[in-house]
Each structure stands twice: as C-alpha cells, then as structure tokens.
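Notes follow the structure.
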Amino acid sequence: MRDAIEMEWSGVPSVAIIHEAMRGSANSMRRLSGVPDYDFITVDYPHIPTAVWSDDEVREVAKEVAPKVVAALVKNRG
Amino acid sequence: MSLAQELTFDTYDEAVESYLDRGWTDGLPIVPPTPEKVAAFLDYAGLSADEVLGHVPTREVTVNAEHVAVNAVMAGCKVEYMPVVAAAARALLEEKANCHSTTGTLSGAAHAVIVNGPIRNELDINCKAGCFGPGWRANATIGRAVRLVARNVCRAIPGFLDRATYSTPARYSFCFGENEEDSPWTPLHVERGFAPEQSTVTLHSVMYMTSARDSASRDPAGVLDSISRTVRAMGVTGDRWLGKDTNVVLVMGMEHMRYFAEAGWSKKQMREYLFPKLTAPSGKGESPVRLGKDDGILIVAAGGHGMSETWVLHPHLAWAITKPIDLA
C-alpha cells in the first residue's frame with residue numbers, strides 16, 4: 001500500500017493490489033500516510049494471500065483485477 | 001525537557017491497569033514510566049529526550065531517546081540497561097534492518113538482540129545455559145524493551161501494522177550474549193570491526209528457529225554437515241533490495257563447540273566450509289539459501305552443556321546490524 005502511495009507522490013500513477021486478508025493493514029497504512037481515501041483493489045479467496053499461485057491462477061487473477069486496476073487508476077487521478 | 005504526554009494516577013495498580021487497557025503493553029504488566037525514572041534513564045545513557053535514534057519512514061515514525069527510555073522503564077529495565085536498549089533501537093532503525101517489514105510480516109519474525117563485550121558481565125546478561133529463556137533480568141527486560149519500542153513507537157501493533165499469522169513467544173523478549181569466555185573464537189563484534197573492549201549489540205531478525213541437533217558427529221565437518229542440512233531445510237530468505245546482504249545466525253553450544261576448539265577451526269574456516277554447501281542448488285524437501293557472501297554466516301558461541309545442538313536463527317528480510325553501546 002505504502003509503495004503505491006509513494007509512487008503516486010513521485011508522480012507515477014499507481015494502484016495497490018491487496019489481498020482481502022490484508023484489508024485492515026491497507027486501511028491503516030493509507031490513514032497514517034494522510035490519504036485515507038486513496039483507492040486500492042483486492043484479491044480474495046480462493047486465491048491465497050501469499051500469492052504462491054500457479055500460472056493458470058495468475059492468469060485468472062489478472063483477468064479479474066485488470067479492469068479494476070484501470071478503474072482505480074482513473075479514480076485516483078480524479 | 002520531556003516531550004511526552006503526562007498522565008496522573010492515584011495508585012500503582014491503577015496505572016498498570018490503565019496501560020494494559022490502552023493497549024500500550026505486550027499483555028504483561030509494566031513498570032509505570034514516571035518522569036523521574038525516564039529522566040534518570042536518559043541521563044545515565046547521556047541522551048537528551050529529543051535526540052533522534054532513527055526513523056521508520058514508511059510509517060511516518062521518528063524514534064527519539066525519550067520514546068526508548070519510556071519503553072525501557074516500562075519493560076522493567078534497570079537504568080544501567082538503557083545504553084544497550086538505545087543501541088538496539090538504533091540497530092532496529094537502520095535501513096537494512098528493515099523495521100517496516102520485519103515487524104509487520106505475516107511470518108511473525110522476532111528480533112534477537114545479541115550482546116558482545118564487557119557489558120555482558122557487568123549487567124549479568126546470560127550467555128550460557130538457558131540463555132534463550134527466562135530467569136535473567138537483563139536478558140528478559142532488554143529484549144522486552146526492544147519489542148515495546150517496536151509496538152508502541154514503530155506502530156507494530158497486532159492487527160494494525162503487525163500482520164503476523166501466528167507471531168511467536170520470542171516476540172515477548174529475545175536477548176542473549178555471546179559466551180566469549182568459553183569460546184575458542186573471535187567474538188562476533190570483533191569480526192564485524194569493533195575492538196574487543198567495545199560492547200555492542202547485534203540485532204538479527206528471526207523468522208524461524210531450528211535446532212541442528214547432532215549427538216553422533218565427533219568432528220567439525222560432521223557437525224557442519226548437520227548444520228547445513230538444517231539450514232537448507234528451511235532456507236534463508238533474500239530479495240533484490242537486500243542483494244548480497246543476507247545472513248543467518250548459528251548459535252553454537254558447548255557440546256558442538258569443543259570439536260572446533262580441539263581441531264583448531266576458526267569461524268572463518270567454518271564459513272568457508274559451510275558457504276558452498278549452503279548455497280548449492282536446493283533439492284527436494286529443501287528451500288533456497290539466499291546467502292550472498294560467506295560473511296553473511298554469523299557464528300555465535302552461546303548456550304550450556306548437555307544437548308549436542310546448534311540453533312539456527314533463520315532471518316526475515318534484513319541484514320543483521322551491529323551497533324556500539326555508548327556509555328556516557
């Protein structure tokens with residue numbers, strides 16, 4: 001989360017992809033970074049949080065999150 | 001001048017209960033950090049309240065000496081321990097100690113505070129039998145103070161920025177000294193560039209601890225082969241940011257150590273023997289050992305007689321940092 005925020009601060013459009021299990025920490029990090037409304041998107045189960053995924057699973061996740069990444073990038077720009 | 005907010009309580013019990021209720025402890029009662037005690041700790045270490053010991057930039061955290069003194073009092077330290085706690089805090093806040101990651105990781109990494117030099121004996125820091133466990137005030141409270149700094153100052157609060165899946169009992173406290181007196185080797189701090197009479201702390205992140213237990217081997221190579229198998233089973237983490245700055249700590253007890261003393265093996269020889277074995281490509285049932293250089297293998301003499309074992313402190317993503325203990 002912080003990486004994405006710092007990338008934004010350096011002028012690079014960014015979005016953090018967070019596992020649902022980490023939602024609380026992501027919320028905490030954006031709050032203490034002073035950007036409580038900075039958007040992020042989540043990946044949920046059955047994909048495990050540590051992202052040790054098969055190639056097929058990676059493709060499945062990518063298809064799922066790609067549109068959300070685009071939407072979040074546009075929203076964060078606004 | 002104190003920077004801290006002052007709270008007033010009518011009784012000792014009320015203060016202790018309030019700190020527990022506010023989530024300012026590790027779940028154990030604390031010693032109330034009265035202004036007088038905090039001032040005495042700072043004075044003993046020759047530190048001003050606002051002296052900056054380091055930062056955790058990703059958490060918007062700046063750690064000053066008063067923060068550390070407050071938590072050292074809370075942990076139950078004697079005033080004489082404050083320079084050790086301050087040095088450990090400085091180590092924790094070095095960039096390659098990677099405080100953000102090592103205190104937030106899912107793996108629940110702990111931190112080992114390894115003390116070298118004359119201060120071990122002056123403060124009665126246990127280096128021998130039982131040195132990883134309870135029973136010595138210095139070990140117990142110095143290690144606890146470092147964890148309270150991580151929690152109360154660096155925001156490593158479980159469920160907040162500490163995301164440990166299980167965490168570990170070693171996060172209550174983990175501090176021991178090197179048994180320099182019974183060791184045939186150059187002490188850790190001297191290997192890392194300090195004079196023998198300079199006391200130091202070395203802070204090492206510990207993701208896992210495993211025991212290389214081997215009662216059968218009677219020679220250095222046999223013992224090191226057992227250690228190699230143990231390290232390779234769990235591996236050593238690393239990443240692009242750390243590059244070659246990865247390490248593993250081997251804590252060798254009296255039973256294994258004597259074979260090296262008898263055969264005249266130095267720590268350097270041990271590293272040269274181990275490094276190619278550890279870093280050979282991992283096979284089935286093994287994990288990669290991402291050691292970039294042989295001086296990433298830190299060997300520490302500690303522990304008592306009895307079990308023929310060497311403890312392996314597998315790191316999280318950090319480089320072990322050694323800091324001098326500055327005595328005012």
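The values are calculated or read from the model by the stated rules, or taken from the named source; none is laboratory data. None of these values were measured; they are calculated from a predicted model. With ideal geometry, Cβ positions are generated from the backbone for all residues, glycine too; neighbour counts draw on all protein chains shown. Just so you know, the surface numbers come from the protein's heavy atoms only, side chains and all, with ligands and any DNA or RNA stripped out. Shrake-Rupley method; radii C 1.70, N 1.55, O 1.52, S 1.80 Å.
Which whole-number percentage describes the relative contact order of the range B:12-181, with Cα contacts under 8 Å and a sequence gap of 6 or more?
25 percent
When a/c is below 1.5 the answer is rounded, else prolate if a/b is larger than b/c, else oblate, so apply that to the range B:250-328 with a ≥ b ≥ c taken from the square roots of the Cα gyration tensor eigenvalues.
oblate
With a 1.4 Å probe and every protein chain left in place, tell me how much accessible area B:Asp219 has, in Å² to the nearest 10.
Taking all protein chains as shown, B:Asp219 has close to 70 Å².
Tally the DSSP beta bridges in chain B and give the antiparallel ones as a percent, rounded to 5.
If we restrict to bridges inside chain B, about 70 percent are antiparallel.
Students sometimes get this wrong: rank B:Arg258, B:Arg144 by accessible area, probe 1.4 Å, all chains present, largest first.
B:Arg258, B:Arg144
Under 15 Å from a point 7 Å along the Cα-to-Cβ line of A:Val65: which residues of the range B:120-159 have their amide N that close?
Once the point is set 7 Å along Cα→Cβ of A:Val65, nothing inside the range B:120-159 turns out to lie under 15 Å by backbone N.
Modelling each spin label as a point 7 Å along the Cα-to-Cβ direction, I'd like the B:Ala195/A:Ser10 distance in nm, to one decimal.
In this crude spin-label approximation the distance works out to 4.2 nm.
Kindly state, as a whole number, the per residue volume in cubic angstrom of the convex hull around the alpha carbon atoms of the range B:155-223.
Roughly 165 Å³ of hull volume per residue.
Can you give me the distance in nm between label points at B:Ser211 and B:Asp239, each placed 7 Å from the Cα along the Cα-to-Cβ direction?
3.2 nm
I'd like the distance separating the alpha-carbon centroids of the range B:156-173 and the range A:11-78, in whole Å.
Their Cα centres are 23 Å away from one another.
If R₀ is 56 angstrom, what is the calculated FRET efficiency for the pair A:Leu73 and B:Asp219, using the beta carbon separation as r and rounding to 0.05?
Calculated value: 0.35.
Mind jotting down the distance between the C-alpha centroids of the range B:44-64 and the range B:296-321, whole Å?
29 Å
Have a look at B:Ala216, B:Ala110, B:Ala39 and tell me which one the Gaussian network model of chain B (Cα, springs below 10 Å) gives the largest fluctuation.
With Cα springs under 10 Å in chain B, the top fluctuation among B:Ala216, B:Ala110, B:Ala39 is at B:Ala216.
So what is the 222 nm mean residue ellipticity for chain B from helices alone, if each DSSP H run of at least 4 adds -39500 (n - 2.57) and you divide by all residues, rounding to the nearest 500 deg cm²/dmol?
The helix contribution divided over chain B gives -9500 deg cm²/dmol.
If I stretch the segment between B:Tyr12 and B:Lys277 completely, what's the gain in nm (0.36 nm per residue apart, minus their alpha carbon distance), one decimal?
89.8 nm
Among residues other than B:Pro196 whose Cβ falls under 15 Å from its Cβ, what is the net charge (Lys/Arg +1, Asp/Glu -1)?
So the surrounding residues net to -3.
Quick one: angle between helix B:82-92 and the longest Cα principal axis of chain B, in degrees between 0 and 90, rounded to 10, please.
That works out to roughly 60 degrees.
State to the nearest 20 debye the size of the charge dipole of the protein assembly as shown about its Cα centre, where the only charges are +1 on K and R beta carbons and -1 on D and E beta carbons.
Computed about the Cα centre, the dipole is about 980 debye.
Taking only Cα atoms, what is the 0 to 90° angle, nearest 10, from helix B:254-263's long axis to the longest principal axis of chain B?
Rounded to the nearest ten degrees, it is 50.
Just from its helices, what would the mean residue ellipticity at 222 nm be for chain A, if runs of 4 or more DSSP H residues each count -39500 (n - 2.57) and the sum is divided by every residue, rounded to the nearest 500 deg cm²/dmol?
-17000 deg cm²/dmol
What's the carbon and sulfur percent of chain B's accessible surface, probe 1.4 angstrom, rounded to a whole number?
52 percent
Name the chymotrypsin sites (Phe, Trp or Tyr not before Pro) in the range B:1-34 that are in a loop by DSSP and that have at most 12 other C-beta atoms within 10 Å, would you?
Passing both the DSSP loop test and the Cβ count: no residue.
Please check which bits of the range A:1-17 a label hung off A:Ala51 would reach, taking the label as a point 7 Å along Cα-to-C-beta and the cut-off as backbone N under 13 Å.
Only A:1-4, A:15-17 pass the distance filter.
With an 8 Å Cα cut-off and a minimum separation of 6 or more residues, compute the relative contact order for the range A:2-77 in percent.
33 percent
Could you tell me the distance between the Cα centroids of the range B:177-235 and the range B:1-20, to the nearest Å?
Taking the Cα centre of each part, the range B:177-235 and the range B:1-20 sit 42 Å apart.
Using only Cα atoms, find the angle between the long axis of helix A:23-32 and the longest principal axis of chain A, and express it within 0 to 90 degrees, rounded to the nearest 10.
20 degrees
Leaving out ligands and nucleic acids, and using a 1.4 Å probe, what accessible area per residue does the protein assembly as shown come to in Å²?
45 Å²
Tell me which chymotrypsin sites (Phe, Trp or Tyr not before Pro) from the range B:234-295 have a DSSP coil assignment and no more than 16 other beta carbons within 10 Å of their own.
Passing both the DSSP loop test and the Cβ count: B:Trp241.
So for the range B:208-314, averaging the separation of alpha carbon pairs under 8 Å that are six or more residues apart and normalising by length, what relative contact order in percent results?
50 percent
Classify the range B:12-181: rounded, prolate or oblate, from the alpha-carbon gyration tensor (a ≥ b ≥ c, eigenvalue square roots; a/c under 1.5 rounded; otherwise prolate if a/b is larger than b/c)?
Rounded shape, in that the Cα axes give a/c under 1.5.
How would the protein assembly as shown be classified by its alpha-carbon gyration tensor: rounded, prolate or oblate, with rounded meaning a/c under 1.5 and the a/b versus b/c comparison settling the rest?
oblate
With each pseudo-label sitting 7 Å past Cα toward Cβ, what's the B:Glu262-B:Lys284 distance in nm, one decimal?
Inter-label distance under the simple model: 3.6 nm.
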